[in-house]
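Take a look at the structure set out below.
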Amino acid sequence: MVWLYDHVAVDVSQENLLERRKCINVKRQWKRLSKCQKSCLYTVITIAILTVFYYKSFDSGGAVITVDVDKGGDDPDNVGNQVLEEPNDVNGNNNGNSNQVVEPPNNVIAFPGPSTAKQKAVIKAFRHAWKGYRQFAWGHDHLKPISEGYNDWFGLGLSIVDSLDTMYIMGLKEEYAEARDWVDKHLTFDVNRDVNLFEVTIRILGGLLSVYHFTKDDLYLKKATDLGDRLMPCFESDSGVPYSDVNLFTHKAHAPKWSPDSSTSEVTTIQLEFRYLSWVTGDPKYETAVLKVSRLIHALEKKDGLVPIFINANTGQFRSYATVTLGARGDSYYEYLLKQWIQTEKSLDYLVNDYVEAVDGIRKHLVRKTVPNGFVFVGELLGGGKDFKPKMDHLTCYLPGTLALGAHNGLSRAHADLADDLMTTCYQTYAQQPTFLAPEITYFNIQGETSNDMYVKANDAHNLLRPEFIESLWVMYQLTGNATYQDWGWQIFQGFENYTRVLNGYTSIGNVRNPANVRPKDMMESFFLSETLKYLYLLFSDDPKLLDLDKFVLNTEAHPLPIGRNRA
Ligand code: DMJ
C-alpha cells in the first residue's frame, strides 16, 4: 500500500513539473510575438467564443413534437410513442439529442400521437397509400395505384403538399421529413402552367399554411407567399371577382376554357387561406383582394340567401337561371360564410347574416322528406329556382357538420336539428349500399312512386374516396361526444378497406352497388390523404377535442388554420 502511495506521489510531482515547464514555454513564446500577431490572436479567440455562444442559443431555441415511429411497415401497432425532440435545423437535419423530452415553445403546435387501435388502423391505411404514392407517383399530383403510375393535374406534387399536416398530426416522422425535403428541394411555382385558383388555394396554399402554423418552419411560409403572389393576378378582373385560372409563370389569368364564368363556390372559397397569408406576412393585399369578393357577393341579389352556381368575373353578376345547390359549385360558398366569421372571431357580421339567411333559404326551398321513411335531404333548384330536383351530391354531406358548428357558435338550435336529420340521411346513403360506401349522387323518393327512400343511377354510382360525411362525423363527435358517430365512421372505414384498398394504395371505384364488381377507377386523389384519412384519425381519437374547433377553423380541404389573428 505504502509503495503504491509513494509511487503515485512521485508520479504526481513529476506531472506538476512538466505542466509548469509547459506554462513557462507558452509565456516565453507569447512574449516573443509582435503586437500585430497578438491582436490577430485576440480577434480569432473572440470570434471563436462568440460563435460558440451563438450556436448554443440556437440549440435551446425551440423544440417540435415528433413521433418516434419505428420502420414498422404496415404494422398498426408499430406507431406512437410521442417524444419531444430537438428541432430540426432549417435544412431538416436533426442536431442531436434525439428523444430528449422538452416543453414545446408556445408557438409550435404539438400532437400526442394515436391513442386508440382504430387510429392506428388509420395510420396503417395512410402508410399503405403513401407507400404506393412514394413508389410510383413521387412528386406527381396523384397516384394511379392499379396501373402503377401517376396523374398530373397541375404538376405540383399535390399529394405531398396536401398531406403534410396529416402526417404531422398523425406523427409520421419519417414520411413527414421526406415530404418536407421534397418541398424544400423540388417544389417550385416558377412553372409555365395554368392552374385553377380554387384548387391550388385549398390544397397547396392551405396545406403549406396549415403546416406552417403547426411548425413555424419558414420554408412553408416562403413557398406560400411565392404561390400567393403568383395567384394574385386572378383578381385583376373588371369586377374583382377572380378569374378561375392563372398561369404561374406568365401571371396571365383567364376564365375557364369551357365557360365565360367562374364557379360561385370557387371564388368564395379562398378567403380563409388568403386572410391567414396576410396575417402571417403582415401584407394586407391578400386579404383585401378576397374580402372585396365577399363584399361584392354579399351585395348581390339572392333567393332567400341562396346563390346560383356561376358568376361572371368581368360583370360581377350571377348567371341567371343557373342551378342552386349545396353540392358541386355551390357547397363551400355557404361553408366559408360561417368559417370566415369564426376565423375572424365573429367580427364579420354581414357574412354570418348571409349564412343565417341562407340556412333559412335551404330549409324553405331545398329541404324535403323521403317516402316512406321520412329521411330529410337537401335537394336542388334548377332554372333559376323554378324546378325542384330531389337529388343530393355526396359533397352536400359536409353540411350537417357546418350546421352543427354554427349552432355550437351560438346560432339557432334549429340548425343543430337539421344537422341531426341530415346525419341520418347521409349515413343511410352509405348503409343502404352493399359495399357500405356512398355513391357520388343519390336521388330521393318524394312522391311514393317506389318502395325505396333513395336510389342511385348507374352513372352516379361511383365513389371517389371523398371525405365530406366523415368530416361531419368528426365535427358531430367533437361537439356531442356521442360515440355512435365513431361507430358509423368505423363501418365506412371498413367499406374503404374492403372495396377500395388495392395492392399499391386506395382507388376510386365506379360502382358502389355491386360488391362483386366495384369497377376500380385507378385514381387516388390527394384529398383522400388530406381529408378522408385525417378526419378518420381525428374521429377515432379518445379525445374528441384532439383538434379543438374552438381554436382551429379547417379550410375546405381539411387544413386547420388558427381562429383569430392573435393565434396566427
Ligand atoms: C375537396 O377538394 C374539397 O373538400 C372541396 O371542397 C370539395 N371536393 C373535394 C373533396 O371531395
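A few remarks follow.
- Residue list for region 515-528, restricted to those being more than 16 Å from the ligand (Cβ to nearest atom) and surrounded by 15 or more Cβ atoms within 10 Å (Cβ to Cβ): Pro515, Val518, Pro520, Asp522
- Residue-level analysis places Asp354 outside the set of residues that are within 16 Å of the ligand (Cβ to nearest atom) and acidic (Asp, Glu).
- The single residue among Tyr336, Tyr321 that is hydroxyl-bearing (Ser, Thr, Tyr) and modelled with pLDDT under 95 turns out to be Tyr321.
Per-residue answers, yes or no, for (1) farther than 19 Å from Gln340 by Cβ; (2) more than 18 Å from the chain's Cα centre (by Cα):
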position	(1), (2)
Val211	yes, no
Leu221	yes, no
Arg230	yes, yes
Ser259	yes, yes
Leu272	no, no
Arg275	no, no
Arg295	no, yes
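- None of Thr225, Thr269 is under 23 Å from Ile160 (Cβ atoms), among the hydroxyl-bearing types (Ser, Thr, Tyr) and within 16 Å of the ligand (Cβ to nearest atom) except Thr269.
- Residue in region 397-438 that is nearest to the chain's Cα centre (by Cα), counting only those that are within 20 Å of Gln340 (Cβ to Cβ) and of a type in the set (S, T, N, Q): Thr402
- Flag if Glu287 is within 16 Å of the ligand (Cβ to nearest atom) and under 30 Å from Asp218 (Cα atoms): no
- Considering the conditions (1) surrounded by fewer than 24 Cβ atoms within 10 Å (Cβ to Cβ); (2) in contact (Cβ under 8 Å) with a residue 60 or more places away in the chain, Val512 is excluded by exactly one of them, (1).
- Within region 538-568, the set of residues being over 16 Å from Phe274 (Cα atoms) and in a loop (DSSP other than H, G, I, E, B) comprises Phe540, Ser541, Asp542, Asp543, Pro544, Lys545, Leu546, Leu547, Asp548, Leu549, Asp550, Lys551.
- Pairing residues of region 322-343 that are more than 29 Å from Ala568 (Cβ to Cβ) and touching a residue at least 40 places away in the same chain (Cβ under 8 Å) with residues that are within 14 Å of the ligand (Cβ to nearest atom) and acidic (Asp, Glu), at Cβ distances under 6 Å and at least 6 apart in sequence or on separate chains, gives Gly327/Asp393; Ala328/Asp393.
- Meets criteria (within 21 Å of Ile311 (Cβ to Cβ) and out of contact with any Asp or Glu (no Cβ under 8 Å at 6 or more places or on another chain)) for Lys386: yes
- Selection from region 293-332 of residues that are in a helix (DSSP H, G or I) and either out of contact with any Phe, Trp or Tyr (no Cβ under 9 Å at 6 or more places or on another chain) or farther than 19 Å from Glu199 by Cβ (or both): Ser294, Arg295, Leu296, Ile297, His298, Ala299
- Among (1) of a type in the set (D, E, K, R); (2) touching a Leu at 6+ places or on another chain (Cβ under 6 Å); (3) buried (at least 20 other Cβ atoms within 10 Å of the Cβ) - the single one Arg180 does not satisfy: (2)
- Count of residues meeting criterion [out of contact with any Ser or Thr (no Cβ under 8 Å at 6 or more places or on another chain) and either crowded, with 20+ Cβ neighbours inside 10 Å or more than 14 Å from Ile270 (Cβ to Cβ) (or both)] in region 238-248: 4
- Index of the failed condition, Glu531 passing every other in (1) within 30 Å of Gly410 (Cβ to Cβ); (2) buried (at least 22 other Cβ atoms within 10 Å of the Cβ); (3) more than 13 Å from the ligand (Cβ to nearest atom); (4) not polar (S, T, N, Q): (3)
- Verdict on Asp165 being under 17 Å from the mean Cα position of the chain (by Cα) and surrounded by 24 or more Cβ atoms within 10 Å (Cβ to Cβ): yes
- Those helices (runs of 4 or more DSSP H) lying entirely in region 407-503 with at least 2 residues within 16 Å of the ligand (Cβ to nearest atom), surrounded by 15 or more Cβ atoms within 10 Å (Cβ to Cβ) and of a type in the set (Asp, Glu): 468-480
The values are calculated or read from the model by the stated rules, or taken from the named source; none is laboratory data. All values derive from a computational prediction rather than experimental measurement. With ideal geometry, Cβ positions are generated from the backbone for all residues, glycine too; neighbour counts draw on all protein chains shown.
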